[in-house]
Structures are given as C-alpha cells and as structure tokens.
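Visitor: I'd like to ask some things about the structure below.
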Amino acid sequence: MKKTSNFEIEQFLINLGVSKDDFLIIHADLRVFGLIENYGKDIINIIRSIVGSNGLIASPSFTFSYPNDFDIIRSESQTGAISRLFSLDPEAIRVPDGMTSYYLIGNEANNIVQNWSHSSYGLGSIPDQILNKNGKVLQIGTDILTYVHFLEQKVGVPYRFLKRFYGNIVDEDRTYRSYTDFYAREPGIEKLIPDPIRTKFYSLLKNSIAIENKQLRYFQTSEYLNYSLPLLKENKEILINKGII
C-alpha cells in the first residue's frame, strides 16, 4: 500500500497554492494518500499551520437529521473521515444545522456561525459566507463540490425547490427548536456524476496534482461560479439525467 508522510502532504498543499489567510472549504477522500503517517491525525494541523489563525478551514459535516434531533457533539457526519478528524479538534466549531452542518476552525469561525441564515445554499449560508471572504476549495482525491448546489439555487433550476426542515438542536445541556431551508431535489430526478460542467472546469484547472488517478485541486469559489453560471443559465437541466424526468 502507498504510504504518505506528513511532510509530503504539506508539500502537496503548498505546491497546489494553499497559503496563509485562505478561507477553505475542504472535500477529501483521504484514501488517495494510502497509509498516512500517524493515521492522518495530523492533517488538520498541517492545513491549519499553512492558512494560519486568520484563515479558516471548513469541512461539511452533513447529517440530514431532521426531523430527528441534531446533537452538535454526538450526531455523526455522513461526509467521511476528514469531518471525523475535525470533530476531534478542540478548536472546531460546528454549525447548529440539522441538515447540512459544517465544522469550522479559525478566528472567524464564531462570526460565521452567528451570521448563518438557516440556509443550506442560499444567502447567508456557510458556502455563501465563505464565497464572500474570497474563499477557496481544496479537494483531496474527490470530485465532490458543495458549490454545485449553491450554483443550482442561485440559478433556480426547475428540478429543485426550497423545503424547510424542522427539528431540535441538542447543545450539551440545552435543547431548542430550529430549522434549515434546504434546496431539495424533486423525486425521480437523477443528478449526473460527474456532471459536464465540473468535468470541463476541472480539466482547465492549473492548480491540480494527480496521485494514482485521483486529483488534488485548489481553486477560488468565484472561479467555479463565474465559469459555471452562464452554462447553467443557458441549459438549466445540464446537471441531470433528463431521461429520468
């Protein structure tokens, strides 16, 4: 099995362009590195050491818990090993969102959580706030991209609709009622994976490193949106399998 040291991971990130004061949304499949030094437990610190305390690192920690309770501490993320590593970090703050939560680390984390608008992908959502901070995306061995759904909501695609989900937030010894406005997909609609917009966008990226048929990528959120918005506006069904409708 392939082995990757902490030093190698740090060099990959620096070579990609990750730098001080970056606001990053991270999507990761850590299997791309094979056997990682210290079982990957140092990856969060490696990224944090590069962006510094004035930067921010964020990981989706989606649970889709509602209408059941969402426990900020105990509800397990469905978004992979990187979110579990965030959950173990004492500096990580979790967004009290029972559908599409995030872990955030950095000096601005509290402000972003306080300004969260109860939206998954709309104005005031976590992706929106990071976009407005000149945010970047760091993909490690995966094509997953939160901003696809942000893009869909911004354009207003015909196969999704806003749905409000309610549930309880459990925050240590406090429980309270809350909600999330989620841009849900109509039943029977199949999204294309990979979709043609992302496929073309990724092929044009300069900040990309191949590791055993997988990619590490780093790009501005605005770069993806500026490229994708005209294409989705021109064909609002380009991201789905139209034969399923």
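Visitor: What percentage of the solvent-accessible surface of the chain, computed with a 1.4 Å probe over protein heavy atoms, is contributed by carbon and sulfur atoms?
Guide: Looking at the chain in its full context, I get 48 percent from C and S.
Visitor: Now for a separate question. Give me the lysines in straight-line cross-link reach of Lys163: C-alpha distance below 16 Å, same-chain residues under 8 apart excluded.
Guide: Lys154
Visitor: With every protein chain present, what accessible area does Asp29 have (1.4 Å probe, heavy atoms only), rounded to the nearest 10 Å²?
Guide: 40
Visitor: What label, among (1) 18.6; (2) 19.2; (3) 20.4, belongs to Kirkwood radius over Cα pairs in Å computed from the structure on display?
Guide: Working out Kirkwood radius over Cα pairs in Å from the coordinates points to (1).
Visitor: Counting only heavy atoms of the protein chains, get the accessible area per residue of the range 31-78 (1.4 Å probe) and round it to a whole Å² value.
Guide: 50
Visitor: Separate question: Accessible area of Lys242, 1.4 Å probe, to the nearest 10 Å²?
Guide: Counting only protein heavy atoms, the figure is 110 Å².
Visitor: Now for a separate question. Do you know the relative contact order of the chain, to the nearest whole percent, from alpha carbon pairs under 8 angstrom that are 6+ apart?
Guide: On the way: 461 pairs, mean separation 52.1, N = 245.
Value for the chain: 21 percent.
Visitor: Can you put Met1, Met99 in order of accessible area, largest first, using a 1.4 Å probe?
Guide: These residues rank, largest area first, as Met1, Met99.
Visitor: Could you state how much accessible area Leu131 has, in square angstrom rounded to the nearest 10, with a 1.4 Å probe and all protein chains kept in place?
Guide: 40
Visitor: Okay, moving on. Compute the accessible area per residue over the range 96-216, keeping the other protein chains in place, probe 1.4 Å, unit Å².
Guide: Ligands and nucleic acids excluded, the result is 47 Å² per residue.
Visitor: Hey, another quick one. Hey, if we sort Phe64, Phe86, Phe165 by accessible area with the 1.4 Å probe, largest down, what's the order?
Guide: Phe64, Phe165, Phe86
Visitor: Could you give the radius of gyration (one decimal) and Dmax (whole number) of the Cα atoms in the range 140-241, in Å?
Guide: 16.9, 50
Visitor: Continuing with this model, one more query. Which shape class applies to the range 59-147: rounded if a/c is under 1.5, otherwise prolate when a/b exceeds b/c and oblate if not, where a ≥ b ≥ c are the square roots of the Cα gyration tensor eigenvalues?
Guide: It comes out rounded by the Cα gyration axes.
Visitor: Residue farthest toward the positive end of the dipole of the chain, with Cβ of Lys/Arg at +1 and Asp/Glu at -1: which of His27, Leu239, Pro60?
Guide: Leu239
Visitor: Just in the range 168-215: which GluC sites (Glu not before Pro) are loop by DSSP and have at most 12 other Cβ atoms within 10 Å? Don't skip to the end; give the middle numbers.
Guide: On the way: sites: Glu172, Glu190, Glu212; in loops: Glu172, Glu190, Glu212.
Qualifying residues, ordered by number: Glu172, Glu212.
Visitor: Here's a follow-up. With a point put 7 Å past each Cα toward its Cβ, work out how far Lys233 is from Arg177 in nm, to one decimal.
Guide: If labels sit at Lys233 and Arg177, their model points lie 4.0 nm apart.
Visitor: With +1 on each Lys and Arg Cβ and -1 on each Asp and Glu Cβ, how big is the dipole of the chain about its Cα centre, in debye rounded to the nearest 20?
Guide: The dipole of the chain has a size of about 600 debye.
Visitor: Hey, another quick one. Restricting to DSSP H runs of at least four residues, report the calculated mean residue ellipticity at 222 nm for the chain, -39500 (n - 2.57) per run over all residues, nearest 500 deg cm²/dmol.
Guide: -8500 deg cm²/dmol
Visitor: Antiparallel DSSP bridges in the range 11-137: what percent, to the nearest 5?
Guide: Within the range 11-137, antiparallel bridges account for around 60 percent of the total.
Visitor: Share of antiparallel DSSP beta bridges in the chain, in percent to the nearest 5?
Guide: So the antiparallel bridges amount to about 70 percent of the total.
Visitor: Under 5 Å between amide hydrogens, which residues at least 5 positions from Ile36 or on another chain qualify, with H placed 1.01 Å from N in the peptide plane?
Guide: It is Thr4, by chain and number.
The values are calculated or read from the model by the stated rules, or taken from the named source; none is laboratory data. Every value quoted in this text rests on a predicted model; they were computed, and no experiment measured them. Virtual Cβ from ideal backbone geometry, glycine too; neighbours counted across all protein chains shown. Keep in mind that these areas ignore ligands, DNA and RNA; they rest on the heavy atoms of the full protein, side chains included. Shrake-Rupley method; radii C 1.70, N 1.55, O 1.52, S 1.80 Å.
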